[in-house]
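Q: One structure coming up, written as structure tokens, with questions to follow.
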There are 2 protein chains.
Amino acid sequence: MEDLSLSTLIWLRMVRFVQNSNQLSNDHLRQFGLTVAQFEALAHIRNFQPVTQTDLAKGLTVSGGGMSRMLARLEREGLITREQTWKTKHISLTEAGLALLERAFPSQLHQQSALFDDVLDEDEQRTLHALMKKLYDHSVAERATAEEDG
Amino acid sequence: MEDLSLSTLIWLRMVRFVQNSNQLSNDHLRQFGLTVAQFEALAHIRNFQPVTQTDLAKGLTVSGGGMSRMLARLEREGLITREQTWKTKHISLTEAGLALLERAFPSQLHQQSALFDDVLDEDEQRTLHALMKKLYDHSVAERATAEEDG
DNA sequence: ATTGATCATTTGCCCTGTCAACTGATGCGC
DNA sequence: GCGCATCAGTTGACAGGGCAAATGATCAAT
């Protein structure tokens, strides 16, 4: 192993942590027949419905193509509806989708939070939140720049 | 939008940041014909070769099945070799694989580090590193527990 | 009204990754 | 030596997700 920079070490830890955390969430959500991605999509739809696919894709940081496929699956399962008005499709939760989300939501948030609350006190969480905001905002700006140049 | 807990907000920022960062890395590595996953696999192989697939999968936090497929692709591209001794396959970089990694490595690490160095000073990075270590270690422990119970 | 430009969405092809079932090889107890 | 557990790896079915080319629908200018 060679000497990696501090930022690289942070990066590795963060990526692995996110992977582990996603895995744990997937294990947890399996009882509801959901994946993390589906859970997040349903939660986002609930907060913003009715919403277009494009806005949803932006909000979830995925491409339009990926969004299209995931929504097709959710629609097939009867959890959402896509109603076409004009050139846009507006997405909403169905009764079944809302019911499922409301069953899964509390325990999922709890299991998610526990990963932080178990090891970080409130001060540490505030510090981490501030640092992540800087990093996140910067990454958004970089992506926007890359897009302009591309 | 409802009121989400602090830990949930951190989680969202972190996931989105990692997504953006991966995307930027993929854009950057495209000039070398590599994906982030392949780059990380090659770097890991270089540091530990010769190494078994199982150890590699553990080191990269992916399943055995996923590892098998990725290595098949890397082998097809002529970047690695898999030599079977006894029941185990030992993986090493080929000349071509090493050459490619050495071309891609510096700029990739630089672009990766810049995401942190541009917005966090050294103190902040040390703080973040310590917080991530706590989170990462905890997530590893949770995964181990889940496996035992599973 | 017709032609284009434009925007939303879909779709083909690919890579990443999981899980579970399956193949092979090893090694152990009898 | 034979059968069996065990471990390494592979593979089929699938979800997630990216990119680029193709569709569809709207709107603007002629």
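The values are calculated or read from the model by the stated rules, or taken from the named source; none is laboratory data. The model shown is predicted, which means the values in this text are computed figures rather than measured ones. Don't worry about glycine lacking a Cβ; one is built from the backbone with ideal geometry, like all the others, and counts go over all protein chains shown. Quick note on the areas: whole protein, heavy atoms, side chains included, nothing else; ligands and nucleic acids left out. Shrake-Rupley method; radii C 1.70, N 1.55, O 1.52, S 1.80 Å.
Q: Anything in the range B:124-140 that is open to solvent by 50 Å² or more (accessible area, probe 1.4 Å) and over 13 Å from A:I10 (Cβ atoms)? List them, or say none.
A: Matches in the range B:124-140: B:D137, B:V140.
Q: Go through the range A:18-32 and give me each residue that's within 11 Å of DNA strand D (Cβ to nearest atom) and either modelled with pLDDT under 95 or surrounded by 18 or more Cβ atoms within 10 Å (Cβ to Cβ) (or both).
A: The answer is A:L29, and nothing else.
Q: Could you please find all residues in the range A:115-150 being acidic (D, E) and more than 22 Å from B:V119 (Cα to Cα)?
A: A:D117, A:D118, A:D121, A:E122
Yes/no per residue for (1) without any contact (Cβ under 8 Å) to a residue 24 or more places away in the chain; (2) not in a helix (DSSP H, G or I):
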position	(1), (2)
A:L4	yes, yes
A:L9	yes, no
A:F17	yes, no
A:N22	yes, no
A:S25	no, no
A:H28	no, no
A:Q31	yes, no
A:I45	no, no
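Q: What number of residues in the range B:94-126 are more than 7 Å from chain A (Cβ to nearest Cβ), under 14 Å from A:S7 (Cβ atoms) and of a type in the set (A, V, I, L, M, F, W, C)?
A: Number of matching residues: 1.
Q: I'm checking my understanding of the structure. Among residues of the range A:33-43 that are part of a loop (DSSP other than H, G, I, E, B) and open to solvent by 40 Å² or more (accessible area, probe 1.4 Å), which one is nearest to DNA strand D (Cβ to nearest atom)?
A: Looking at the filtered set, the residue picked out is A:T35.
Q: Are there any pairs with C-beta distances below 8 angstrom linking a residue in the range B:55-83 that is farther than 21 Å from A:F17 by Cβ to a residue that is outside any helix (DSSP H, G or I) and within 6 Å of DNA strand C (Cβ to nearest atom), with the two at least 6 apart or on different chains, and if so which?
A: Final answer for the pair search is B:M70/B:V62.
Q: Same structure, new question: Quick check on A:L100: is it part of a helix (DSSP H, G or I) and open to solvent by less than 50 Å² (accessible area, probe 1.4 Å)?
A: yes
Q: Would you confirm whether any residue within the range A:107-118 is outside any helix (DSSP H, G or I) and over 20 Å from the mean Cα position of the chain (by Cα)?
A: Yes: one or more hits.
Q: I'd like to verify a number: residues in the range B:127-143 that are more than 7 Å from chain A (Cβ to nearest Cβ) and more than 20 Å from the chain's Cα centre (by Cα), how many?
A: 0
Q: Here is a further query. How many residues does the range A:52-83 hold that are more than 8 Å from DNA strand D (Cβ to nearest atom) and outside any helix (DSSP H, G or I)?
A: Residues meeting the conditions: 8.
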